[in-house]
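Read through the structure below, which is laid out as structure tokens, and then see the notes.
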Amino acid sequence: MALKTKGIVPRTWKWVKRVFIFLFIFQFFYVLILKWVNPPVTLTQLSSLLSGHGLKRDYVNMKEISPYAKLAVICSEDQLFPDHDGFDFKSIEKAMKHNQKSKSLHGASTISQQVAKNVFLWQGRSWFRKALEVYFTFMIELVWGKKRILEVYLNVSEMGNGIFGIECAARKNFGKPAKNLTRKEAAMIAACMPNPKEYTLKPLSKRVAERSQWIIGQMAHLQDDDEIQALTQ
């Protein structure tokens, strides 16, 4: 019996290693393919569909998205997006200090981290998921680059209850394609993104009305930044 057990352990470990090698190769090629190909349905989108919130999406390329929409989400979600390598460590440290003292949790995820979570993972706060998020954030920063990350972000993010992507949000709320969004309209959509099921445009929530005005102010302040212009034009 002891001899059989000794034989089982090496064989099991051998298969475990093979599985890990396969998964590593598979995810690497998947990340590489998504540099050019739009991601299929995500776990977040499936969760929205199965939970009864619906699923509406319509991927478009960067040329079909208003510069105002690109600028609005950067100003709203991650103003250091052109400068960091995927992580804003000062904001992470600040959020951790706040969360230790308060019951209201603050996040510090960059656009890159949100893309990693939305495309490859599931929603949640476990350390295991966070570790995977760090890995995939590193990978897309390395393989995709900033413009592709921003393009995917604008296409897969939830921007309304069951509404995913800037194109669907523009048509749903303003009856026009994303490329024709005005500064104000883009800011209003961006204002919904922290909590798209609660922060609504129709009816217009107080939170969206207030936050969109702040975003417009930030857009005016940052629109002449050379690095931001390179991403949004």
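The values are calculated or read from the model by the stated rules, or taken from the named source; none is laboratory data. None of the values given here were measured: they were computed from a predicted structure. No Cβ is skipped: glycine too gets one built from the backbone with ideal geometry, and neighbour counts run over all protein chains shown.
Structure notes:
- Test: residue in region 189-203 that is surrounded by 14 or more Cβ atoms within 10 Å (Cβ to Cβ), touching a Lys or Arg at 6+ places or on another chain (Cβ under 9 Å) and of a type in the set (F, W, Y): yes
- Only one of W122, W144 that is surrounded by 16 or more Cβ atoms within 10 Å (Cβ to Cβ) and touching a residue at least 60 places away in the same chain (Cβ under 8 Å): W144
- Helices (runs of 4 or more DSSP H) enclosed by region 68-165 - at least 3 residues per element that are modelled with pLDDT of 90 or more and of a type in the set (A, V, I, L, M): 111-120, 127-143, 146-156
- Test: residue in region 199-206 that is touching a residue at least 24 places away in the same chain (Cβ under 8 Å) and hydrophobic (A, V, I, L, M, F, W, C): yes
- Qualifying positions in region 44-53 - part of a loop (DSSP other than H, G, I, E, B) and touching a residue at least 40 places away in the same chain (Cβ under 8 Å): H53
- Of all residues in region 54-80, those that are under 19 Å from F174 (Cα atoms) have Cβ atoms under 6 Å from Cβ atoms of residues that are assigned to a strand (DSSP E or B), 6 or more apart or on another chain, in K56/I163; R57/F164.
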